[in-house]
Amino acid sequence: MDRAREIKSVWRSAPTIEGAGVRLKRAFGYYEAPRLDPFLLLDDFHSDEPSDYLPGFPWHPHRGIETITYVLDGRVEHGDSMGNSGVISPGDVQWMTAGSGIIHQEMPKGGPGNRLRGCQLWANLPASHKMMEPRYRGVAGAEMPLVKLSSGATVKVVCGSIEGVAGPVKDIVTDPVYLDVSVPAGSDFDFPVKTGYTAFAYVLEGKGYFDKRRDPYAFEVVSSNYFDFKRECLIGPEHMVLYGKEGGRVEVRAGEAELRFLFFSGKPLDEPVAWYGPI
């Protein structure tokens, strides 16, 4: 059996403001991006307070990247310069390849109890594909297979495959995997990762062990508080878990409650990224 990957680094998402005044948590971006190649940014937006998200993200451009929006609660109204418009509802994904350039807007709306929750991932395009034709894929939650593993874990497959079941988003140049994983308390999730691919997880709910080590000093913990010496093996909500490149699979075990996290992997491009503004 392939060696399991070990955690390289753990850090917590940081509050920031984007768009016309949307308050969100940035899991990574800017200076962390080289470590997560081919991925550029991950934002976690969640709030029960409409003033945190109603300002939205009015018309703005993208070029040379892909933006992937996954809505968990509430909804996001959208439109773009290709004539697409609609609503991203709970469980839906919008996979937009900006390519040679696109202008769009995203306007979040709350659901029951004014609840909004979702994530937006940015993936880079290689230089050879920067000027490809823009394309848009709106994927309803019902189109994404839900796979029940023998361990009891359930996996919603957006992109990539698990146990021979493939997600609906295909033909992406960076060969990404995007999974929404729920693991019952005390149960395991074991998943193969391609050699050399970047792999990381972002925790939504619960706590879990993301490798077999139970030594909190065995991996780097990044903190904005220089005097924060408290470390845990159990990793909880709003935390990023970045794996090292050695090993062919990841092993995760849930703590005393159900663990839910997003898992990503992709083929590094090894091309320079120059940031300005958000990017």
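At a glance:
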read-out: Tensor-based shape of segment 1-130 (alpha-carbon gyration tensor, a/c under 1.5 rounded, otherwise prolate or oblate); value: oblate
read-out: 3J(HN,Hα) from dihedral phi, segment 102-115, Karplus parametrisation 6.51/-1.76/1.60, rounded to Hz, x for glycine, proline; value: 8, 10, 8, 9, 9, 10, x, 10, x, x, x, x, 6, 6
read-out: Pairwise FRET efficiency - Glu271 versus Ser9, Cβ, R0 = 25 Å, nearest 0.05; value: 0.70
read-out: Computed lengthening from Glu49 to Leu234, 0.36 nm per intervening residue step minus Cα-Cα distance; value: 63.7 nm
read-out: Shape of segment 180-257, Cα gyration tensor, a/c cut at 1.5; value: oblate
read-out: Within the chain: Cβ-based charge dipole about Cα centre, in debye rounded to nearest 20 (Lys, Arg +1; Asp, Glu -1); value: 260 debye
read-out: Given Lys207/Lys245; Lys170/Lys245; Lys130/Lys245; Lys148/Lys245; Lys194/Lys245; Lys194/Lys267, the pairs whose alpha carbons are separated by over 20 Å; value: Lys207/Lys245; Lys170/Lys245; Lys130/Lys245; Lys148/Lys245
read-out: Stretchable slack from Ala166 to Asp190, in nm (0.36 nm times residue separation minus alpha-carbon distance); value: 7.0 nm
read-out: Anisotropy class of segment 138-279 from Cα gyration tensor, a/c 1.5 cut; value: oblate
read-out: Accessible-area composition of the chain, carbon plus sulfur, in percent [1.4 Å probe]; value: 51 percent
read-out: Packing-based order for 268-274, 169-175, using average beta carbon neighbours within 10 Å, highest first; value: 169-175, 268-274
read-out: HN-Hα J in Hz across segment 14-20 - Karplus 6.51, -1.76, 1.60, θ = phi - 60°, x for Gly and Pro; value: 10, x, 8, 10, 9, x, 8
read-out: Relative contact order %, the chain, counting alpha carbon pairs below 8 Å whose residues are six or more apart; value: 24 percent
read-out: Candidate values [x] 47, 20, 19; [y] 28, 21, 20; [z] 33, 20, 17, label of the one derived for semi-axes √(5λ) of the Cα gyration tensor in Å; value: [y]
read-out: Helix-only mean residue ellipticity at 222 nm for the chain, each DSSP H run of n ≥ 4 adding -39500 (n - 2.57), per residue, nearest 500; value: 0 deg cm²/dmol
read-out: Relative contact order of segment 1-75, defined on C-alpha pairs under 8 angstrom at six or more residues apart (%); value: 26 percent
read-out: Cα centroid separation - segment 86-136 against segment 1-50, whole Å; value: 16 Å
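The values are calculated or read from the model by the stated rules, or taken from the named source; none is laboratory data. None of these values were measured; they are calculated from a predicted model. Ideal geometry is used to build each Cβ from the backbone, glycine not excepted, and the neighbour counts take in all protein chains shown. Heads up: the accessible areas ignore ligands, DNA and RNA and are worked out on the full protein's heavy atoms, side chains in. Shrake-Rupley method; radii C 1.70, N 1.55, O 1.52, S 1.80 Å.
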